[in-house]
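A quick write-up on the structure given underneath.
Coordinate-derived values only; no laboratory data. Just so it is clear, the model here is predicted, and its values are computed rather than measured. With ideal geometry, Cβ positions are generated from the backbone for all residues, glycine too; neighbour counts draw on all protein chains shown.
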Amino acid sequence: MTDEERAVWSTAYINNLPDSAFLYIESGGSKDDQGKTTPRELRHFPVHDDTGKLDMPHLRNAMSRIPQSDLPQAVKDRVMAKAQRLMDSANRSELPEAFEQRGTDLWPDEDMELRATGDGLSFEGYALKWDRWSVPIPGPSGKDFRERFAPGSMDRTLARNPDVVLSYQHLLTTLPLGRTRAGTFQIESDSTGLITRATLPDNELGRPVRDSIRRKDITGMSIRFRVASKAGEKWNADYTQREVLEAQLGPEISLVTFPAYPDTTATVRHLAEAAELPVDDLAVAFDTLRDPEAKLTRDQQHLLMEAVNAKVDEPYVSPKIVAMQEQLSLLR
């Protein structure tokens, strides 16, 4: 199931969810013997499933329903802010590892440059071209590989009309420059590659980007994608070449000054394997560490410390813990 497909949760299923699965619970109810609010009608906008996992399709659905609800405006504002924080957090946790990243500078011999069109606030350009071998890319095994995308490899994901945001420098916390759902950003697959068109906003965010494209200070794009299945990729015998046959486009494409070279994924994977840690969780922890506004959870803190300890001869122990251990030894 993709993020664009929303599973049908029955009334019985929703009623059986814990209170923590909902974005908002009205006051005035009571708790049953399982700690769930009754009457159930006081619970609004379920976004977590019965395992506690955030369900992105239901979160998007909730964000579309909150403004139309009968709740007081102050409550709607507060609930929408909470939903947006969940969305931003999910984007940050999903993008680094679940989606691979490719920039147009990986095909330096190809004409990938953006072209300003019309009133200057519009542009078009190929984010990807089919059947072109990339420059060497760091691979998960430590061996570089080259990559090419087969014609039509994005057709299935594009047929679902995915909601993709256009941003600048992968900054997900600023206002988007365009969005497919709004009709201000279009992505199409033609015989040449993955072509994008956008109408930039005529505001303090869009105009500097427009000027940079005109001056050719910005000439590249960076996409997120993941291979749809094992059958979606084909490697050669020594894993130095990969052909992507079918891929899912990620939720964000960026205009970039320097399209990021995709070595972060490989680095995190190597570190996780060395410390025998879950790759996805470690990637999320690193992304949280890089975000100046985010706070690490205790589990993320432990993951990062385990990763660090795997790279040193003697594991790091906090001086406070050492002092406590010395005090305890004196009491024995």
What do you get for trypsin sites (Lys or Arg not before Pro) in the range 27-59 restricted to DSSP loop and a cutoff of at most 15 other Cβ within 10 Å of the site's Cβ?
LYS53
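Provide the net charge surrounding TYR24, with neighbours chosen by a C-beta distance below 15 Å and charges set as Lys +1, Arg +1, Asp -1, Glu -1. Please list the in-between numbers first.
Working: positive: LYS36, ARG40, ARG43, ARG65, LYS76, ARG78, LYS82, ARG85; negative: ASP19, GLU26, GLU41, ASP70, ASP77.
Result for the neighbourhood of TYR24: +3.
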Amide H within-cut-off set for LEU128, under 5 Å, with H built and near neighbours excluded:
LEU194
According to a simple spin-label model (label point 7 Å from Cα along Cα-to-Cβ), what is the distance in nm between LYS295 and TRP235?
4.1
Give me the number: length gained by fully extending SER212 to ARG85, i.e. 0.36 nm times residue separation minus the C-alpha to C-alpha distance, one decimal in nm.
42.7 nm
Using R₀ = 41 Å, calculate the FRET efficiency as 1/(1 + (r/R₀)^6) where r is the Cβ-Cβ separation of VAL8 and THR257; round to 0.05.
0.40
In nm, give the distance between the simple-model label positions of GLN68 and GLU188, each being 7 Å from the Cα along the Cα-to-Cβ direction.
3.0
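Assuming R0 = 25 Å, what is the FRET efficiency of ASP32 and ASP77, from their Cβ-Cβ distance, to the nearest 0.05?
0.25
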Of LYS143/LYS234; LYS53/LYS295; LYS82/LYS295; LYS53/LYS234; LYS53/LYS82; LYS53/LYS230, those spanning more than 23 Å from alpha-carbon to alpha-carbon:
LYS53/LYS234; LYS53/LYS230
